[in-house]
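The values are calculated or read from the model by the stated rules, or taken from the named source; none is laboratory data. Bear in mind the structure is a predicted one, so any value in this text is a computation, not a measurement. Virtual Cβ from ideal backbone geometry, glycine too; neighbours counted across all protein chains shown.
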Amino acid sequence: MVSYIKKQMDENGLFNKFTIQSLLDELDTIEYYQQPGKAHHLSEITAKQCELYEFMGVNVPT
């Protein structure tokens, strides 16, 4: 997975703005909550996080 992230960061010029760790830290703040028998809840996803997902070629969580 790290190789894929490095490749996407290189292809999209993200190393100018992020280190691998800072990119992962930015995405790490997204939380998914689920209680048995209840609907799930996804924390707010910022525009910056959506953009990073798009650069990585990954669908934004819904």
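A few comments on the model shown:
- Taking the stretch 1-16 as the range and being in a loop (DSSP other than H, G, I, E, B) and either surrounded by 13 or more Cβ atoms within 10 Å (Cβ to Cβ) or among the small types (Gly, Ala, Ser) (or both) as the test, the residues that pass are ASN12, GLY13.
- Condition check for LYS38: at pLDDT 90 or above and of a type in the set (Lys, Arg): no
- Applying a threshold of 6 Å to beta carbon distances and a minimum spacing of six or more residues, or different chains, the list of pairs starting in the stretch 43-61 at a residue that is farther than 20 Å from ASN16 by Cα and of a type outside the set (S, T, N, Q) and ending at one that is modelled with pLDDT of 90 or more and loosely packed, with under 13 Cβ neighbours inside 10 Å reads VAL60/CYS50.
- Checking the stretch 46-54 against the condition returns a match, with at least one residue being polar (S, T, N, Q), part of a helix (DSSP H, G or I), at negative phi and touching a helix residue (DSSP H, G or I) at 6+ places or on another chain (Cβ under 8 Å).
- Residue match in the stretch 26-44 (condition: surrounded by 13 or more Cβ atoms within 10 Å (Cβ to Cβ), closer than 15 Å to VAL2 by Cβ and within 9 Å of the chain's Cα centre (by Cα)): yes
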